[in-house]
Amino acid sequence: MGSMLKIHSGAALTMTSREIADLVESRHDSVKRTIVRLVKAVAIGDPPLVEYLDELGRPASEDRIGKRDSYVIVAQLSPQFTARLVDRWQELEQRAADMLPDFTNPAEAARAWAAQYEAREILEHKVTADAPKVAFAEAVRAIDGACHIEKIAKTLGFGRNKFFKRLRADGIMLDNNLPYQKYIDREYFTVIEQQPYTDSKGVTHATFTTMVTGAGQVFLAKRYANIGEGAHA
């Protein structure tokens, strides 16, 4: 979502936790864990959380980080990227300075007020339009934690084996019914190692179970809802 700056008179500049992740070339969830740890250690303040729907309509969130706390976070994550963070703050502050209207000019001040009013109207309209999608996502997320594939398959009107077949055909699952790594990286699935078994020849085999996370339940429900067995997407 970019830096998500708020630039108007009297507002403090912030950058998001996702932008910090991009700057230090780290996963966003790793940055979020670092923020939680630093908040508990009272090394930084508890940042405000911004929740939204991403470009695919999935629930997502980012923290808004002030300048001082961003340095503490980056120092914990990757000290060698501090110079990059300094450069980014200079860029953001210069952009903010360039964008601020001249409030000593009545006409320019009036245009700035009108633009802010219009932006608020657009935001309120979007919040209203997104409300059903947010409610749907939260309803699916209400399922306690991660669940078995069989449970989500039944919810969507599929039999277990046919749902696995569908997931394999759609390039979500491998032939061994484990998810492709990119879907694990997106935190749709988690793979749990189970008790290994020994076959008749005395060879021990590792066994794994795929679980669907809350985000994965949203993803699968949006993709396969109202399809069920025997239907075509």
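Bear in mind these aren't lab numbers, they're just calculated from the coordinates by the rules spelled out. This is a predicted model, so every value here is computed, not measured. Cβ placement follows ideal geometry from the backbone for every residue including glycine, while neighbour counts extend to all protein chains displayed.
Data table
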item: Restraint check, K154/K182; K165/K201; K154/K201; K32/K151; K40/K154, Cα-Cα greater than 32 Å; result: K154/K201; K40/K154
item: Residue order, fewest to most surrounding Cβ atoms within 10 angstrom, among L220, L38; result: L38, L220
item: Likely footprinting exposure, V218, V191, fewest C-beta neighbours within 10 Å first; result: V191, V218
item: Extension gain, T204 back to E25 (0.36 nm per residue minus Cα-Cα distance, nm); result: 60.6 nm
item: Potential lengthening between K151 and R168 on full extension [0.36 nm per residue; Cα-Cα distance subtracted]; result: 4.4 nm
item: Charge tally in the Cβ shell below 10 Å around V39, where Lys, Arg are +1 and Asp, Glu are -1, V39 excluded; result: -1
